[in-house]
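For reference, the structure discussed in these notes is given below.
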Amino acid sequence: MAAPCGMACDLFRFQSHIKYVINLYKQHIFSAFSKYRGLHTISRHHCDVELCRYPPLLSLQRIIRTQQVHQDRDGPTPQAKRSYQSSKKEATRRRLVLGIETSCDETGAAVVDECGSIVGECLHSQKEIHSKNGGIIPPVAQALHEQYIDHVVQNAMDAANIKWTDLSAVATTIMPGLALSLSVGLQYSKDVIKKTGLPFIPVHHMEAHALTIRMVERVEFPFLVFLVSGGHCIIAVARDLGNYLILGQTKDDAPGEAYDKIARKLKLNEHPQCIGMSGGQAIEHLAQTGDREVMKAYTPNLQSKDCTFSFSGVKSMVSQFISKEEKIQDVQAAQLSNINDIAAAFQFKVTHQLVKKIARAMIYCKENSLIDTCHQTMVLSGGVASNGYIRNAMQYVCNEYGYRFLCPPPKLCTDNGTMIAWTGMERLKRNIGIANEVQNIRYEPKYPLGEDISDQVKAEQITVPSIQFWKKCY
Ligand code: KG4
Ligand code: ZN
């Protein structure tokens, strides 16, 4: 794909990146200090108040402000002035897309511009409530989305300091996901479109995970993408917008789902070190100081010479081990003396499978010339991609096979409105997938990301040499 919008946009993108880093800090600070009915928003007022307490951030903020003042006071050279004015014009003409995400248990909304700047965002997570219920109960998720969607969208718009008329389009997740959750975002969007007449862009949730990286890095099609989340595990070649070749996916659980189930089995929501963490975060945290050797048994699903995944084997193996240890130690799972070791062993076995399969996908791509060998990029995305151990392992594989490894910042790996807004923006810029008739659009709980060629991959029976990724992971 060509550069998003030329030189002026590059300049703008640079400034946007600095602002984006500040926004990340701002949101972190704001969410740590201020939890207003569970909403996490970046609002300028609140953030400036909180920034005052953080001198390093304040000085970073000052650098940007000072640069602006400096430009105004001394005046740029005529040449710089022309480029500054044209970039300013471009900036004021820049298009904005509102993204809405309600496919599972996060109500997210965000406004992004065409250079990938997050202009405003808001996220409400239902995780705490679902973890108390022992898992997602779809009607509960639906009721919570209905309760919060308007606050979340309004907060994102307020944080962006814009009106409906400032928007160029609304993009919303309509597939795949929980039917009851998807229905809320779609209905809300239809109402908005009816009132405002804005163009509507339906978004595939997994495509949004795949494209998030292009908001923060220059990544050309085709690239290899590895999507690891609570509902999916997909290796695909991203050939273009809406054009994906699936090399392999999971036959049963997704890795995030396996992490969540083992976390529940270990009763980590009662563990003092894991309060408020998702299942995946909790296991990653405990595994850091664990010894994976506690479970020496083989790693399931490494033998099949394809790119399909199965996590049910590792899940039941670890689950049985936990039950056995509970009996031997005569304590509840959360009190097991070797809980950190169990977490480390589970994480190692999951990662081992991810490593083996992505390596096979890289060999397959090379043998079938699916990716230009001069520009080999592998993007890891989805909630599980925020796991540092897995990231390190993927970096190791990429080094071995000559791939550039990229992964969005952790905050953009888990579900959010920003990735939906950005996918909408990618489509808007190329005039692809903008809906003509909105009222007849339906949500799709199951919908493939692209053409599945996993049988062709399996037919090649590719053997992958041993990869000692654990040498580079903690
Ligand atoms: O992408 P996501 O936010 O939602 C889906 O589309 O599924 O992914 C959520 C999943 C959850 O299963 C959560 O436990 C997992 O991502 N997750 C992690 C980590 N952080 C979140 N898994 C492993 N390690 C983490 N640090
Ligand atoms: Zn997701």
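Just to be sure I understand, how many residues within segment 273-311 are modelled with pLDDT under 95, of a type in the set (Gly, Ala, Ser) and buried (at least 18 other Cβ atoms within 10 Å of the Cβ)?
2
Which ones in segment 429-460 are at positive phi and open to solvent by 100 Å² or more (accessible area, probe 1.4 Å)?
ASN431, the sole residue that qualifies.
Looking at LYS356 and the list (1) open to solvent by less than 10 Å² (accessible area, probe 1.4 Å); (2) closer than 18 Å to ALA393 by Cβ, which single condition is not satisfied?
That leaves (1) as the condition not met.
Considering (1) within 16 Å of ligand 2 (Cβ to nearest atom); (2) free of Cβ contacts under 8 Å to residues at least 60 places away in the same chain; (3) touching a helix residue (DSSP H, G or I) at 6+ places or on another chain (Cβ under 6 Å), say which one CYS274 fails and leave the rest.
(1)
Over 24 Å from ALA210 (Cα atoms) and among the hydroxyl-bearing types (Ser, Thr, Tyr): is that true of THR165 in this structure? Please lay out each step first, then the result.
On the way: over 24 Å from ALA210 (Cα atoms): yes; among the hydroxyl-bearing types (Ser, Thr, Tyr): yes.
Yes, satisfied.
Identify, please: which residue in segment 239-255 is in a strand (DSSP E or B) and more than 16 Å from ligand 2 (Cβ to nearest atom) and is, among those, farthest from GLU451 (Cα to Cα)?
The residue in question is ASP240.
Could you count how many residues in segment 96-114 are in a loop (DSSP other than H, G, I, E, B) and either over 18 Å from HIS151 (Cβ atoms) or not acidic (Asp, Glu) (or both)?
Let us first name the residues in segment 96-114 that are in a loop (DSSP other than H, G, I, E, B), namely 102-105, 114.
Still in the running and either over 18 Å from HIS151 (Cβ atoms) or not acidic (Asp, Glu) (or both): 102-104, 114.
Total meeting the criteria: 4.
Among what's in segment 213-238 and is in a loop (DSSP other than H, G, I, E, B) and among the hydrophobic types (A, V, I, L, M, F, W, C), pick the residue that is surrounded by the most Cβ atoms within 10 Å (Cβ to Cβ).
Taking the candidates together, the pick is VAL219.
May I ask you to say which residue of ARG218, ARG214 is of a type in the set (Lys, Arg) and under 28 Å from GLN353 (Cβ atoms)? If you could, list the steps in order and put the result at the bottom.
Details: ARG218 fails: under 28 Å from GLN353 (Cβ atoms).
Unique residue meeting the criteria: ARG214.
Can you spot a residue in segment 322-345 that is within 23 Å of SER304 (Cβ to Cβ) and not aromatic (Phe, Trp, Tyr)? Outline the logic, then answer.
So in segment 322-345, the residues within 23 Å of SER304 (Cβ to Cβ) come out as 345.
If we keep only those that are not aromatic (Phe, Trp, Tyr) as well, we get 345.
Yes, because at least one residue in segment 322-345 is within 23 Å of SER304 (Cβ to Cβ) and not aromatic (Phe, Trp, Tyr).
If I filter segment 239-257 down to residues being of a type in the set (Gly, Ala, Ser) and either open to solvent by 30 Å² or more (accessible area, probe 1.4 Å) or within 16 Å of ligand 1 (Cβ to nearest atom) (or both), which single residue comes out as nearest to GLN461 (Cα to Cα)?
So, considering only residues that are of a type in the set (Gly, Ala, Ser) and either open to solvent by 30 Å² or more (accessible area, probe 1.4 Å) or within 16 Å of ligand 1 (Cβ to nearest atom) (or both), the one nearest to GLN461 (Cα to Cα) is ALA254.
Out of segment 366-400, which residues are away from ligand 1 (no atom under 16 Å from the Cβ) and under 24 Å from the mean Cα position of the chain (by Cα)? Give the steps one after another, and end with the answer.
If we filter segment 366-400 for residues that are away from ligand 1 (no atom under 16 Å from the Cβ), which is where we start, we get 366-378, 396-400.
Once the filter is applied, which keeps residues that are away from ligand 1 (no atom under 16 Å from the Cβ) and under 24 Å from the mean Cα position of the chain (by Cα), segment 366-400 yields ILE371, HIS375, GLN376, THR377, MET378, TYR396, VAL397, CYS398, ASN399.
Which number in (1) at pLDDT 95 or above; (2) surrounded by fewer than 16 Cβ atoms within 10 Å (Cβ to Cβ) marks the one condition that GLU270 misses?
The single condition GLU270 does not satisfy is (1).
Just give me the residues in segment 401-428 being within 16 Å of ligand 1 (Cβ to nearest atom) and open to solvent by 40 Å² or more (accessible area, probe 1.4 Å), in sequence order.
PRO410, LYS411, THR414
The values are calculated or read from the model by the stated rules, or taken from the named source; none is laboratory data. A quick note: this is a predicted structure, and the numbers were derived from the prediction, not measured. FYI the Cβ positions are ideal-geometry reconstructions off the backbone, even for glycines, and counts take in every protein chain you see. Ligands, DNA and RNA are excluded from the accessible area calculation, which covers all protein heavy atoms including side chains. Shrake-Rupley method; radii C 1.70, N 1.55, O 1.52, S 1.80 Å.
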